[in-house]
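First comes the structure, then the notes that go with it.
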Amino acid sequence: MERPVYRFLHLIFALGILHLLVLMVLEVQRQIQLRHDIAAAELRLEQLELRRQKLSEELEMASDQSYREGLVRQMGYVHRDERLFLRAAQMATPPDKPSN
């Protein structure tokens with residue numbers, strides 16, 4: 001014959017084990033999420049490092065006078081004594097004439 005106190009202790013023990021399992025599952029989920037966040041942060045860090053390298057190279061090239069002149073000429077600027085000639089491909093095509 002089992003005493004009522006033992007039933008209560010078994011219930012407490014079962015609830016403790018259940019609580020421990022829930023905590024372990026939550027901890028595993030937290031660990032998985034943390035690893036995912038770390039991987040995402042490392043990927044973002046690599047992207048930022050590539051961006052920084054590109055900007056450093058561009059800054060280095062910007063100190064070159066001929067590079068800056070090339071950029072300005074791409075935007076369409078010319079020296080005071082120069083004339084800008086448009087190529088045929090850059091000029092707008094005239095509208096088609098209507099046929100009678």
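Readers should treat all values here as calculations from the given coordinates under stated rules, not as data from a laboratory. None of these values were measured; they are calculated from a predicted model. Don't worry about glycine lacking a Cβ; one is built from the backbone with ideal geometry, like all the others, and counts go over all protein chains shown.
Some observations on this one:
- Sites residue 60 and residue 35 - FRET efficiency at Förster radius 35 Å, r taken between beta-carbons, to 0.05: 0.40
- Note on residue 5 and residue 82: the model spin-label points, each 7 Å out from Cα along the C-beta direction, lie 10.1 nm apart.
- Residue 53-residue 75 FRET efficiency (beta carbon distance; Förster radius 30 Å; 0.05 resolution): 0.75
- Under Karplus coefficients 6.51, -1.76 and 1.60, residue-wise ³J(HN,Hα) of region 56-65 in Hz, glycine/proline x: 5, 5, 5, 5, 5, 5, 5, 6, 8, 4
- Computed magnitude of the charge dipole of region 4-73 (debye, nearest 20; Cβ of K, R +1, Cβ of D, E -1): 480
- The rule of thumb for compact globular proteins, 2.2 N^0.38 Å, goes into the C-alpha radius of gyration of region 4-73 2.65 times.
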